[in-house]
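Working notes, beginning with the structure itself.
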Amino acid sequence: MKNKALAEGAAVERSAAQCEQDAGTPLGSFLKRHLPEGMVNALRMIASWWRRTNLMLFSSFIYDFRRYRKWSSATSGANSEAKLQAHIVKEYHGLEKGMALPNPRPGFGKPRAKDLLQNCEHHLARYGLSQQLLDAVEVVRQYCLFQEEHDVDIRDISERLEFFEKRMEPVKESGRGGTTKVTEEEIRAATHGVAETFFDTRHSVRQFTDLAVDRQLIEESLKRAQRTPSVCNRQCARVHVLTDSKAKAKALSFQNGNRGFGSQASVIFIVTADLSVFTDAGERFQGWIDGGMYAMSLVYALHSLGLGSCTLNWSVAPGIDRRMRSALNIPENELVIMMIAAGHIPDSFKVASSPRLPVEVTTRFVTET
């Protein structure tokens, strides 16, 4: 049906385009003689719409394709500091996950550990020390301890590890990677009192007070959102925080869903995703996924601090995306995920009811395949 519709649409486009561009041809003359003028005009409008929508769709795909190809390491490899650090994080997180399993297999991950140390050597030679490098070395240190406890011969890895540890001796900072012990009691204590009402009272707020949001509150919300899961802990999410009235107005001028309330927001967050942390073609959509998850975490973080927020979608044409980036200096390697308007809420206000679908409609329990 889809192919048939496309074929019919193409036929309409060809007929209308011919009629529009060369009314003097036999076909054009035939259409003019045998069809009402209104129908000929309708064909012209259909052809114009068909060309415009298909061209826009195609150009949007090309726009995203070029951006991903240029800024990820899918085709270029780890040819920048950010890309190499992403590879290092991806590799050391694989070792972390292995050590966090219920029963890690002795000897697991040797090739990954060697590749990780090789990338660390490249990073040290090209860019020097970094936090990612310190974290990676700490992960390998814990990895070696685990393997030695299980009498696994890893001398080739431990010797290379010693090289890095000697280089790191003058550095006060230490790595944070590896595994951390967590107890059920700690989690229960931290989540005690978090009821369904916390989620039920989260609304898209379109009414804010004139009170400015203190920077400390903004930073606290960002800190809370930082725990958002991400692919291999590469943390692609970036945030541009706008509190200046001119900057906010400029940003909102490119987004058509904030009319009537956007100007009241004390702060505008522009959530983006850094494409340089992604490594292959399979991750071409991961920026949208991880960036979207981060945005939701930020919305809940704002809610937990008693602030209202409203997500503002960024489903726009390439031209608008380019103009907004240029106006607000958004780096080219970042995908714009969405904007979030936020501020203090009035004592009493209205929100859209926005009824939700029943869980039975949105859920399928798989019992067999």
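The values are calculated or read from the model by the stated rules, or taken from the named source; none is laboratory data. Please read these numbers as outputs of a predicted model, since none were measured by experiment. Cβ: placed from backbone, ideal geometry, glycine included. Neighbour counts: every protein chain shown.
Determine which single condition Phe108 fails, assuming it passes every other condition in (1) in a helix (DSSP H, G or I); (2) surrounded by 16 or more Cβ atoms within 10 Å (Cβ to Cβ).
Only one criterion is unmet by Phe108, namely (1).
Just one of (1) within 30 Å of His93 (Cβ to Cβ); (2) among the aliphatic types (A, V, I, L, M); (3) part of a loop (DSSP other than H, G, I, E, B) trips up Val239, so point out which.
(3)
Could you please tell me which pairs satisfy a Cβ distance under 8 Å, a separation of 6+ or placement on different chains, a first residue in region 146-160 that is under 15 Å from Leu95 (Cβ atoms), and a second residue that is surrounded by 12 or more Cβ atoms within 10 Å (Cβ to Cβ) and aromatic (Phe, Trp, Tyr)?
Listed by first residue and then by second, the contacts come to Ile157/Tyr143.
Just to be sure, is Glu332 within 30 Å of Phe278 (Cβ to Cβ) and among the acidic types (Asp, Glu)?
So Glu332 passes the test.
Across region 71-87, which residue is nearest to Glu283 (Cα to Cα) among those that are surrounded by fewer than 13 Cβ atoms within 10 Å (Cβ to Cβ) and of a type outside the set (Gly, Ala, Ser)?
Among residues in region 71-87 that are surrounded by fewer than 13 Cβ atoms within 10 Å (Cβ to Cβ) and of a type outside the set (Gly, Ala, Ser), the one nearest to Glu283 (Cα to Cα) is Thr75.
For region 242-269, name all the residues that are among the hydroxyl-bearing types (Ser, Thr, Tyr), surrounded by fewer than 20 Cβ atoms within 10 Å (Cβ to Cβ) and in a loop (DSSP other than H, G, I, E, B).
Within region 242-269, Thr243, Ser253 meet the criteria.
Just checking, how many residues over region 55-97 are in a helix (DSSP H, G or I) and among the hydroxyl-bearing types (Ser, Thr, Tyr)?
5
Kindly list the number of the only condition in (1) surrounded by fewer than 20 Cβ atoms within 10 Å (Cβ to Cβ); (2) closer than 28 Å to Lys83 by Cβ; (3) modelled with pLDDT of 95 or more that fails for Arg224.
(2)
For region 277-294, which residues satisfy the criterion of being more than 8 Å from the chain's Cα centre (by Cα) and either surrounded by 23 or more Cβ atoms within 10 Å (Cβ to Cβ) or outside any helix (DSSP H, G or I) (or both)?
Val277, Phe278, Thr279, Asp280, Arg284, Phe285
Could you please let me know if Phe146 is hydrophobic (A, V, I, L, M, F, W, C), surrounded by fewer than 17 Cβ atoms within 10 Å (Cβ to Cβ), over 21 Å from Phe278 (Cα atoms) and not assigned by TED's automatic domain parsing to the domain that holds Gln235?
no
I'd like the full set of residues that are closer than 22 Å to Gly287 by Cβ, in contact (Cβ under 8 Å) with a residue 60 or more places away in the chain and of a type outside the set (Lys, Arg), limited to region 88-121.
Scanning region 88-121 gives Val89, Tyr92, His93, Gly94.
Quick check: is even one residue across region 194-201 without any contact (Cβ under 8 Å) to a residue 40 or more places away in the chain, closer than 26 Å to Gly94 by Cβ, part of a helix (DSSP H, G or I) and of a type outside the set (Asp, Glu)?
no
Given the condition under 22 Å from Met56 (Cα atoms) and either without any contact (Cβ under 8 Å) to a residue 60 or more places away in the chain or not assigned by TED's automatic domain parsing to the domain that holds Ser276 (or both), answer yes or no: does some residue in region 324-347 qualify?
For region 324-347, residues under 22 Å from Met56 (Cα atoms) and either without any contact (Cβ under 8 Å) to a residue 60 or more places away in the chain or not assigned by TED's automatic domain parsing to the domain that holds Ser276 (or both): present.
Restricting to region 127-147, name every residue that is more than 28 Å from the chain's Cα centre (by Cα) and over 20 Å from Thr179 (Cβ atoms).
Result: Gly128, single match.
Scan region 257-268 and give yes if some residue there is farther than 23 Å from Leu217 by Cβ, modelled with pLDDT of 95 or more and either touching a strand residue (DSSP E or B) at 6+ places or on another chain (Cβ under 8 Å) or not assigned by TED's automatic domain parsing to the domain that holds Asp210 (or both), otherwise no.
no
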